[in-house]
Structure formats: C-alpha cells, structure tokens
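Undergrad: Below is one structure. I have some questions about it.
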Amino acid sequence: MGKQTKHKRKHKHYSLPSAGSSPGVVFIDEQALSPMIKFHSYNDEHYVAEELDNLENLVRKLENKDFYYWIEVKGLRSIAMFETLNNDFGINKLVLEDITRTYQRPKMEEYGNYDFAVSRMLRFDEQKNLDNDQLSFILLEHVLFTFQESLEDCLDPVRTRLKAGRGSIRSGGSSYLMYALMDTIIDTYFEILGKWGEELDQIEDRLFEKPDRTVMFDTQIVKRNLINVRRVVWPERDKLNDMLRSDSRLIPDQTKMYIRDAYDHCIQIIDLVESLKEISASNIDMYLSIISNRMNQIMKVLTIISSIFIPLTFIAGIYGMNFAIEDPVTGKLLPKNMPELYQEHGYLYTMIVMGLIAVLQIIYFWRKGWFK
C-alpha cells in the first residue's frame, strides 16, 4: 500500500490559427492520419458495411431513400475529402474548419439542410492517461457523417447494435444514430468516474493505514482529471439542451425523447464530478491535517524532553563555573565562591537532586496526559 502512481503528465498540443487569419480555412495537421472511411447502409431488414477509398461519387450511393447511411471517417489528412463535402453536400467551410481544428467544445449548430454537432470522447490510453478526442457530426436527411482524428474510440457498442439490429437503432433514423453515439460517449464518462471513485476510496484507506506524501500526489492527479471532465460535461449538457429546444426538422420529437434521457445522464455526471472533487479535496485536507498532527506530536515529545533537561542543564551550568572557595596562589579563603565544590559527596547529592527533579517532571507530565 502507499506506492505512488507513476504518472507522466500528457499534454495534447493543438495548432492554433494565427491572429487575424481568415475564417473557414481547412487546417490539416502534419501529424494527422490518412482517412479511413467506412460506409454503413442499413434499414430494418438489411445492414451492409464497406470500406471506401474516398468520398467521390458518394452522392450516387446515397440516392436510395429506403436506407439510412452512416459515413464514418477516421483520420483527417485529406484536403480533397473536405472539398468534396463542400462541393457535393454544401457543407459550410466554417464547419469544415471546426472539424479539422480539433479543440472545439461540445456544441450544436443548425445550417438549414444539415445540423453540425461536436462531442468529446474521453478514454484511457495504454499509460492510463486520459485522452480527449473530438468527434464531429454532420446530420443530413437519412445520412450521418462522423469525423474523428484517431483510430481508437469508444463506439463499438453502437456498431455491434447496428450490426445485430437490436432495438430502434436501425429504424430510428440518422438522428437516432447520432443520439446513440452521443449517449455511448456519455456512458463512458460514468465508467471513467467510477474508476476514479474507486481510486479515491483506496487513497482514503491509505490515509487511515499509512499516510505518506504519495497520497497527496495521487489525489491531485485525480482532481486534475476531474477538472478536465468538468470542462467537457458542462458544454455537453448545454449542447443536448440546445438539441432539445431545436426546431430542426432533422431531429424529430421521437429522438428528442431519448436526448432528454441523455441530458439527465449529463446532470448526474455533473453531480458525480462535483462529489468526487469534494472527496479529493477532503483527502488532501485530511492528509495535511494528519501531517500537521504528526508534527505536533513530534514537537510535543521534543518539548517534554527539553522541559526535563532545562533545569538539569541549569544546575550543571551553575556548577560548571568552577569558582573556587580558596585562591590557589595566595591561599586566601573566598567564602562566597561556591563552597559546594568541596562538599563531601557533593557530586552524588547533585546527581540525586537532578534525578528527583527529572522524575517529578515526568510524573507531572504523565498526570497532565502528555504521554497519551
């Protein structure tokens, strides 16, 4: 118990546009992945998934209105792909800029014939650091585009449901699929907070058993991660609220009923984040109180020892001055100069007196409860 969590703080760097740059400019990061495009077409009875090399001629594949379509794009390193979205689907360049500038807060915007939304996916990487990736949605009639910068995500449960055809995911339309993806992301917040809750419980046990400074370090890591989650969940709640109040024809009332449930989950997550933040803060305060109390105990022991030896040191200091009663040169008697130096058994008497003083002090401190 009490081992410090090995943690290397991970910073995610975003390439920000320079001041005064033109809006609506698609930015391709030099570290961006080449796009991997998966095309899902489905209805109540059929489901087909295939890989696409690009988005060219995609309009023809979307002509059959008996199907719903999910175009899943992983990796953003393709200017041609965004030009196709602009030319063939009329996607505003401001939206394309927000997709490629992957530091957007969760939001929802209406653009007439399509809606644009952003969510933040949180997950642990192999080093147990918290990854915060952007997932962008473009919702059209019968069509949903999703864009993410990395290959890893938390959306496998939705893919499994879509393939198996369970529930309303095939019949609910593209807006329902968008809700399902958002709801899955929100559910992962619960899982992450649950792990941190267990970690805080373990840290609290360490506080009672054997507190050390690793307790404060580990608690601070959890607290900082909770702040990061809070920055995601609050705008996520606002986004879902915007969707509930939206008049967009692409989000029917049936889907809003499910979105309301996701909104309630967001409220629960916010409450949970605040509770865990209070627990983490109380753990740090408790650790500091324990350390302060431990320091007080040490100071009390040192004070008792000092109090015992102060009078003994005083006596030893007096008789250490060695003022003789007789001048060794002239032989003159000096009666006011420490006659005890030549007292028979004077050393023994002095030691007995010093011992009695020490014992009396110990008895006094014991009766006062200082040794408890």
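Please treat every number below as a calculation from the coordinates, not as lab data. Keep in mind the model is a prediction, meaning the values are calculated, not measured. Methodologically, a virtual Cβ is constructed for each residue, glycine included, from the backbone with ideal geometry; neighbour enumeration extends over all protein chains shown.
Undergrad: Residue by residue, what Karplus-based ³J(HN,Hα) values in Hz, rounded to whole numbers, does segment 120-125 have, using 6.51, -1.76 and 1.60 with θ = phi - 60° and x for Gly and Pro?
TA: 10, 8, 10, 7, 8, 8
Undergrad: Packing-wise, with mean Cβ within 10 Å as the measure, how do 182-188, 288-294 rank, highest first?
TA: 182-188, 288-294
Undergrad: Related question: For a quick protection proxy, order the peptides 31-37, 351-357, 211-217 by their average other-Cβ count within 10 Å, most packed first.
TA: 211-217, 31-37, 351-357
Undergrad: For Cα pairs less than 8 Å apart in space and 6+ apart in sequence, what is the mean separation divided by the residue count of the chain, i.e. the relative contact order in percent?
TA: 14 percent.
Undergrad: Could I ask something else about it? Please compute the alpha carbon radius of gyration of segment 291-367, then divide it by the globular-protein estimate 2.2 N^0.38 Å. Two decimals is fine.
TA: Cα-based Rg divided by the globular estimate yields 1.61.
Undergrad: Further question on the same structure: Among Phe27, Ile185, Ala80, flag the residue with its Cα farthest along the positive direction of the charge dipole of the chain, charges on Cβ as +1 for Lys/Arg and -1 for Asp/Glu.
TA: The one lying farthest along the dipole's positive direction is Ile185.
Undergrad: Next up: Given only helices, namely DSSP H runs of n ≥ 4 each adding -39500 (n - 2.57), what is the per-residue ellipticity at 222 nm of the chain, to the nearest 500 deg cm²/dmol?
TA: Theoretical 222 nm ellipticity from helices: -18000 deg cm²/dmol.
Undergrad: Any chance you could list P(r) for segment 227-372, counting all Cα-Cα pairs in 5 angstrom bins from zero, rounded to whole %?
TA: Bin by bin from 0 Å, the calculated values are 2, 7, 9, 8, 7, 6, 5, 5, 5, 4, 4, 4, 4, 4, 4, 4, 4, 3, 3, 2, 2, 1, 1, 0, 0.
Undergrad: Same structure, new question: Return, for the Cα atoms of the chain, the radius of gyration and Dmax in Å, separated by a comma.
TA: Gyration radius and largest Cα-Cα distance of the chain: 37.1, 131 Å.
Undergrad: Treat each spin label as a single point 7 Å out from the Cα along the C-beta direction, and report the Gln31 to Asp44 distance in nm.
TA: So the label points at Gln31 and Asp44 sit 4.8 nm apart.
Undergrad: Which FRET efficiency, nearest 0.05, do Thr214 and Lys277 yield, Cβ-Cβ r, R0 25 Å?
TA: The value I calculate is 0.80.
Undergrad: Report the relative contact order of segment 218-331, percent, no decimals, based on alpha-carbon pairs under 8 angstrom and at least 6 residues apart.
TA: 32 percent
Undergrad: I would also like to ask the following. Could you give the length gained by full extension between Arg224 and Phe190, i.e. 0.36 nm per residue of separation minus their alpha carbon distance, to one decimal place?
TA: 10.5 nm
Undergrad: Order the peptides 143-156, 119-132 from the highest to the lowest mean number of other Cβ atoms within 10 Å of their residues.
TA: In decreasing order of mean packing, 143-156, 119-132 become 143-156, 119-132.
Undergrad: Considering only C-alpha atoms, what is the centroid distance from segment 65-116 to segment 346-366, in Å?
TA: Centre-to-centre distance over Cα atoms comes out at 89 Å.
Undergrad: Specify, per residue and in Å³, the volume enclosed by the convex hull of the alpha carbon atoms belonging to segment 54-183.
TA: Cα convex hull per residue, to the nearest whole number: 118 Å³.
Undergrad: For a paramagnetic label modelled at 7 Å from the Cα of Leu341 toward its Cβ, which residues of segment 293-317 fall within the zone defined by backbone nitrogen distances under 16 Å?
TA: From segment 293-317, the list is 316-317.
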